[in-house]
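A short write-up of the structure that comes next.
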Amino acid sequence: METLRDILDAAACGVFPPADGRTTVLPQACDRDAGVLSFTAHSVVFTDEDPRWVYDTLAATRCDALAATMNPLFLAAFIERTGRTSETIDAMLVGSPLPGRPPLSLTEIEDGDHPRIVYARRRRDEVRAWEADGGVLVLGRGVAGRLEVSVEVDEGVRHRGLGRAMVTAARHLATEPLWAQVSPGNARSMRTFQAAGYRPVGSEALLLSARAG
């Protein structure tokens, strides 16, 4: 059976689930993460709940069937059923690794307490972080073990291209596809990642266990 990681790896290479209007239900890759991935006319719900519950609840959601997995009514039922927490629906973007050294001076942080690093440790494994002059770059393994990136730029040095330089540098640090989760309303961040060569591939609603909240 195809796994969640198989689907993500294929999407990173531009190969997506069939646009057939259907929903695939798969087991969670770990206890921490459950949720929904939405691609073009195909959704993936990853959960250890009974798949029959997922399909029945989707069928009872009063909306266009293509939108059901991301409909607030379904997501609210999913959260209540699992006792999990969720924050927002994010766009999923992915960038391929780049050769050579990062074109930006970075210093690895061994034991940082920056809020971005603390946040990442609650939601990812194998977290590593680097400091640039005015920003922090974090890599870690999130959903199904995929490699994920996040950055934070200090207020006083924003609008100078540092964010774009940092997320570009992250592609030089990676040896595999690098994923980013960005709220669609965060237009500045969306533009930054796309300018650095990250491609939008779908959307995601992540449900976290209470321990990771």
* Structure fact -> Total charge of the residues flanking Glu131 in space, meaning their Cβ is under 11 Å from its Cβ, with Lys and Arg +1 and Asp and Glu -1, is -4
* Structure fact -> Full extension between Glu2 and Tyr119 adds, at 0.36 nm per residue less the Cα distance, a length in nm of 39.1 nm
* To do: Report the net charge of residues surrounding Arg5, where surrounding means a beta-carbon distance below 11 angstrom and charges are Lys +1, Arg +1, Asp -1, Glu -1.
  => -1
* **Carbon/sulfur fraction of accessible area - the chain, other protein chains in place, 1.4 Å, %** => 50
* To do: Report which label in (i) 1.02; (ii) 0.95; (iii) 0.98 holds the value of Rg/Rh (Cα atoms, Kirkwood Rh) derived from the coordinates of this structure.
  => (iii)
* **Expected 222 nm ellipticity per residue - DSSP helices of 4 or more, -39500 (n - 2.57), all of the chain, to 500** => -8500 deg cm²/dmol
* Structure fact -> Note on the stretch 132-213: contact order normalised by length, alpha-carbon pairs under 8 Å, 6 or more apart, percent, works out to 25
* Asked: Working out 0.36 nm times the residue gap between Leu73 and Glu126, then minus their Cα-Cα distance, what length gain in nm do you get to one decimal?
  -> 15.7 nm
* Just the accessible area for Val153, please: 1.4 Å probe, Å², rounded to the nearest 10? -> 20
* To do: Would you check the accessible area of Ile89, probe 1.4 Å, heavy atoms only, in square angstrom rounded to 10?
  => 60
* To do: Might you tell me the accessible area per residue for the chain, computed with a 1.4 Å probe and given in Å²?
  => 50
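The values are calculated or read from the model by the stated rules, or taken from the named source; none is laboratory data. Not measured: the values here are computed from a predicted model. Backbone-built Cβ (ideal geometry, glycine too); neighbour counts: all protein chains shown. Each accessible area value is taken on the protein alone, full model and side chains, heavy atoms only, with ligands, DNA and RNA left out. Shrake-Rupley method; radii C 1.70, N 1.55, O 1.52, S 1.80 Å.
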